[in-house]
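What follows is a single structure, written as structure tokens, with notes after it.
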């Protein structure tokens, strides 16, 4: 499917975004190995989180929807059942990497597979620590899917991550629930800590100690009633769009404001964006609140602060749309230490460079980043997404501020993390926010 984007006037009103994808994955997995029935409101409905639920059901976990809540009947720490077929994670790297940690502690073999894109993504980073813990893990050459795990009793390890990765950290911590003693992980740079927060809320003993994150084995996890906040990574596209389009005044309600992900907000405020946090609160250890963003012409006259290794680790999912902003800001943007982007759903550095150049921007692709010379008006063109949801959404934002028509190919891939993205964007640009759909600036010219 292709979507056509044109400038359509300011983004105004109030919108509520889908539930946070990262938190949804973790809540579902921990609810599955908890005792009792958990109820989760606001669970992310994108394809990736549906893949997690499909895998859990194949492991014997009962799930249902009641009055807008996802209900998960937990089977306890060691109550999962041997699946009858390989567990298909679709396009979700989070599903594979986190679920592998849980499967490593089960007393049965299980195989994890995925789509063509996921099957090209490296899994050696989780294979190594799981093997150190005593699990048998088989894969294709190069540590690629499918992975077959033969787990059971694991031994505790102290593991230093060679690369900052919340998914690898989470895999080891989840496997640590089944280990012979306290398992410890140390990261080279801080990454999002949703797993640690969720583990503690479900009843696991998690603590920090001299730079290490430790989890004690064998907890009795208890079912919980939870509400997933709105996804901050999804919010980034609307923050950028409102900053680019004159006259915009947009409120995003109930957004997750995790301390390890607020780097995005601090970054944008430091860059001069007219962005405020309002009505902040906390539930289940996760901060949340409303974001209000207004267009300020002065913001585009400045320069985005350079993104180095630590900032890249903290904002890895937001770099695509920040690159779009950098192309429009007069001073441009430099990104370094972001080589992890080459191993996402696509080689995001290469695609960002190619698509921005096609829109008229001056971009230099670096081994671990980008050098973007900003200040040029973008022009509409055909955008190659390679089925990558963040590419589709980032260049939809670019299209709103470009001359002429921007055509997003494989636009349906946005559903991976944000079902209804196109309808929400259209509603904002036509002054009919709150998810009513329609709009002048976004249309679907053809299917195929």
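For the ranges 210-219, 177-186, what's the packing order if you count other beta-carbon atoms within 10 Å of each residue, average per peptide, and put the highest first? Each step should come with its number before you reach the end.
Details: 210-219: 16.4, 177-186: 20.3.
Put in order of decreasing packing, that is 177-186, 210-219.
Percentage of Cα-Cα pair distances in the stretch 117-234 greater than 20 Å, rounded to whole percent?
Numbers: 3229 of 6903 pairs.
Result for the distance tail: 47 percent.
Report, please, the projected area of the stretch 86-174 averaged over directions, based on the convex hull of its C-alpha atoms, in nm². Mind showing how you got there, number by number?
Values: hull surface 20.0 nm².
Taking the Cα atoms of the stretch 86-174, their convex hull projects to 5.0 nm² on average.
Considering Cα pairs under 8 angstrom that are at least six residues apart, work out the relative contact order of the chain and quote it in whole percent.
Details: 1151 pairs, mean separation 88.9, N = 448.
Averaging sequence separation for qualifying contacts and normalising by length gives 20 percent for the chain.
Sort 386-393, 79-86, 220-227, 47-54 for me by packing, meaning the mean count of neighbouring Cβ atoms within 10 Å per residue, highest on top. Spell out each step's value before the answer.
Numbers: 386-393: 24.9, 79-86: 14.0, 220-227: 17.5, 47-54: 22.2.
Highest to lowest by the protection proxy: 386-393, 47-54, 220-227, 79-86.
Please report the relative contact order for the stretch 335-386, taking Cα pairs under 8 Å with a sequence separation of at least 6, and give it as a percent rounded to a whole number. Could the numbers behind the result be given before it?
Numbers: 67 pairs, mean separation 18.8, N = 52.
The normalised contact order for the stretch 335-386 reaches 36 percent.
Does the stretch 72-136 come out rounded, prolate or oblate by the C-alpha gyration tensor, with a ≥ b ≥ c the root eigenvalues, rounded set by a/c under 1.5 and, if not, prolate when a/b is larger than b/c and oblate if not?
Working: a/c = 1.92, a/b = 1.23, b/c = 1.56.
It is oblate, given that a/c is not under 1.5 and a/b is not larger than b/c.
Looking at the calculated P(r) for the stretch 259-322, what percent of the C-alpha pair distances fall above 20 Å?
Numbers: 698 of 2016 pairs.
Counting pairs separated by more than 20 Å, the tail of P(r) holds 35 percent.
Pairwise over distinct Cα atoms, reciprocal of the mean inverse distance: report the Kirkwood radius of the stretch 244-379 in Å, one decimal place. Present the calculation step by step, with values, prior to reporting the outcome.
Numbers: mean 1/r = 0.0640 Å⁻¹.
Radius from the Kirkwood sum: 15.6 Å.
Can you give the Rg and Dmax of the chain based on its C-alpha atoms, in angstrom?
When restricted to Cα atoms, the chain yields Rg and Dmax of 21.4, 62 Å.
Would you compute, from DSSP H runs of 4+ residues alone, the mean residue ellipticity of the chain at 222 nm, taking -39500 (n - 2.57) per run and dividing by the full residue count, rounded to the nearest 500?
Counting only the DSSP helices, I get -9000 deg cm²/dmol.
Two-decimal Rg/Rh of the stretch 21-226 from alpha-carbon positions, Kirkwood Rh? Show your work: numbers first, answer last.
Numbers: Rg = 15.4 Å, Rh = 16.6 Å.
Rounded to two decimals, Rg/Rh equals 0.93.
Per-residue counts of other Cβ atoms within 10 Å, averaged by peptide: what ranking do you get for 11-24, 93-106, 147-160, 275-288, highest first? Walk me through the intermediate numbers first.
Values: 11-24: 23.4, 93-106: 26.5, 147-160: 18.3, 275-288: 14.9.
The most tightly packed comes first, giving 93-106, 11-24, 147-160, 275-288.
Determine by what factor the alpha-carbon radius of gyration of the stretch 188-261 differs from 2.2 N^0.38 Å, reporting the quotient.
Details: Rg = 17.3 Å, N = 74, 2.2 N^0.38 = 11.3 Å.
Relative to the 2.2 N^0.38 Å estimate, the stretch 188-261 comes out at 1.53.
Once the convex hull of the C-alpha atoms of the stretch 9-80 is built, how many Å³ does it hold per residue, rounded to a whole number? Please report the intermediate quantities before stating the final value.
Values: hull volume 6.7 nm³, N = 72.
Per residue, the Cα convex hull of the stretch 9-80 comes to 93 Å³.
For the stretch 205-246, compute Rg over Rh where Rg is the Cα radius of gyration and Rh is the Kirkwood radius from the inverse mean 1/r over Cα pairs. Each step should come with its number before you reach the end.
Numbers: Rg = 19.0 Å, Rh = 14.7 Å.
For the stretch 205-246, the value is 1.29.
Readers should treat all values here as calculations from the given coordinates under stated rules, not as data from a laboratory. All values derive from a computational prediction rather than experimental measurement. FYI the Cβ positions are ideal-geometry reconstructions off the backbone, even for glycines, and counts take in every protein chain you see.
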